Amino acid sequence: MKRFNYKAKEKATGKTVKGSIQAETEQIAGRLLIDQGYIPESVTEEGVGLLGKRQTHVTNKDRITFTRQLATLIGAGLPLAGSLRTVVEQTQGKGMKSIVEEILTAVESGKSLHDAFSQFPNVFNGVYLALIQAGETSGTLDIALKRLADQEEKDAAMMSKIRGALVYPAIILVVIIAVLAFMMIMVVPQVKNLYADMNKDLPALTKVLTAISDFFGQFWWLVFIMVGGLVAGAYFLVKRTSFGRKAMDTFKINVPIFGGLFRKLYVSRFARTCEMMLATGVPMLDAVRISIESVSNVVVEEEYSKSLEIIKGGKPLSESLRDREYMLPLVPQMSSIGEESGKIDEMLGKAAQVYETELDEQINNISTMIEPILMVIMAGLIGVVVGGTLLPIYSLVNSVQV
């Protein structure tokens, strides 16, 4: 079902009215309006932009809130359709509200909740759909939804901390660039003019700085075009090509300081997702496959995927994960303990908790680790520029005294 916005006139009164209606196509929407006593003037699909693509924006917060509300209502004993109807009334985000309305329509027409969610793969990923299906099958839908909301909140909080840890270095870099730009634009040209007036030759370092200053002064527009082109090109490569994404994902897990952080993030994400899957009743092979997809790093996913063939061959999870590159040792160790005790999901959850705690500590220490490095870089760069401007001034002073 799609939602259409319409403008129409009442047949009886001729009054113009506006509203929305759900239908399979624009033509069916028009016929429904006629049957209701309206003369349609315009019928357009809701959320469709100028390029003809459906524009449904859903934030992580909207999805988490929706999941939490639905879990609470179902857990309280309300029927599924009634729970969805209540969530529609409480949902604030337009994109999420539109999606929940379509899910409600699909459920009321006889579809399962899993099939209704499957209409929106860009909003509900494989982990979400698998847990919904498992929850429906086992009769524990409220528990599955609660686990989903808990995990999404943890994941969102972790990514927020990582982004926050990157803010401070970014600010320092901006300050460095701003100071260097000021020196090159305002100070270096003055030194050059001073030497030109006195018919003196500039020192070698100052000549280099003035050449750079002149280039930026004359071709600043070219610099902006080049930087913009590089940023746009890099974005296109990473977002639209498999080569670009693989290169970026390889960089993430190997970059100094942050590489270890990303590896722990991917391992904890895999272990936590696998715990949820197994606890909800998803078969082992499906649980591992979906958990690998949840990692969101193609390089790590390719390495972890080698374990699937080992599991298909009848080997336990712990053996399939052992000696895997990018897999930290605690996960296969805890998996082995879980296989012996029959509590593999709990053991995976404990392994995930260990790495999540380490991630928290590492993220909190990142700013402290990076601060002295950035300060040394800033001092070195500014020192070069200052030296290039002060050296000729001291030379002039000495020549005047002589």
Give the residue that is nearest to Thr241 (Cα to Cα), with candidates limited to residues of region 276-302 that are assigned to a helix (DSSP H, G or I) and among the hydroxyl-bearing types (Ser, Thr, Tyr).
Ser291
Considering (1) part of a helix (DSSP H, G or I); (2) at pLDDT below 85, say which one Glu153 fails and leave the rest.
(2)
Restricting to region 278-334, what's the tally of residues that are touching a Pro at 6+ places or on another chain (Cβ under 7 Å) and either of a type in the set (Asp, Glu) or assigned by TED's automatic domain parsing to the domain that holds Leu141 (or both)?
0
Gly217: surrounded by 14 or more Cβ atoms within 10 Å (Cβ to Cβ) and modelled with pLDDT under 90, yes or no?
no
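Okay, residues lined up against (1) among the hydroxyl-bearing types (Ser, Thr, Tyr); (2) at pLDDT 80 or above:
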| position | (1), (2) |
| --- | --- |
| Leu321 | no, yes |
| Ser335 | yes, yes |
| Ser341 | yes, yes |
| Glu358 | no, yes |
| Glu361 | no, yes |
| Val386 | no, no |
So, in region 15-31, how many residues would count as being farther than 10 Å from Phe4 by Cα and at pLDDT below 80?
4
All conditions in (1) out of contact with any strand residue (DSSP E or B) (no Cβ under 8 Å at 6 or more places or on another chain); (2) in contact (Cβ under 8 Å) with a residue 40 or more places away in the chain; (3) surrounded by fewer than 19 Cβ atoms within 10 Å (Cβ to Cβ) are true of Asp155 except (3)
What do you reckon, is Leu141 more than 25 Å from the chain's Cα centre (by Cα) and either among the aromatic types (Phe, Trp, Tyr) or modelled with pLDDT of 85 or more (or both)?
yes
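Results for (1) in contact with a Ser or Thr (Cβ under 8 Å, 6 or more places away or on another chain); (2) modelled with pLDDT of 90 or more, shown as yes or no for each residue.
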position	(1), (2)
Val238	no, no
Phe243	no, no
Asp249	no, yes
Ile253	no, yes
Arg263	no, yes
Met276	no, no
Val298	yes, yes
Considering region 17-37, residues that are surrounded by fewer than 12 Cβ atoms within 10 Å (Cβ to Cβ) and of a type outside the set (Gly, Ala, Ser), and then whichever is nearest to Ala106 (Cα to Cα), we arrive at Glu24
Region 308-349, residues that are of a type in the set (Lys, Arg) and in a helix (DSSP H, G or I)
Lys312
Determine whether Ala149 is over 23 Å from the mean Cα position of the chain (by Cα) and either assigned by TED's automatic domain parsing to the domain that holds Ala271 or not basic (Lys, Arg) (or both).
no
Long-range neighbours under 6 Å by Cβ, at least six apart or interchain, first residue within 30 Å of Gly260 (Cβ to Cβ) within region 162-190, second surrounded by 14 or more Cβ atoms within 10 Å (Cβ to Cβ):
Ala165/Ile363; Ala165/Ile366; Tyr168/Ser367; Pro169/Ile370; Ile172/Leu374; Ile176/Met378
(1) within 25 Å of Thr250 (Cα to Cα); (2) free of Cβ contacts under 8 Å to residues at least 40 places away in the same chain; (3) of a type outside the set (Lys, Arg); (4) assigned to a loop (DSSP other than H, G, I, E, B): which one isn't true of Ser305, the others all being true?
(4)
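The values are calculated or read from the model by the stated rules, or taken from the named source; none is laboratory data. No experiment lies behind these values; they were computed from the predicted model shown. Note that each Cβ is placed from the backbone with ideal geometry, even for glycine, and that neighbours are counted across all protein chains shown.
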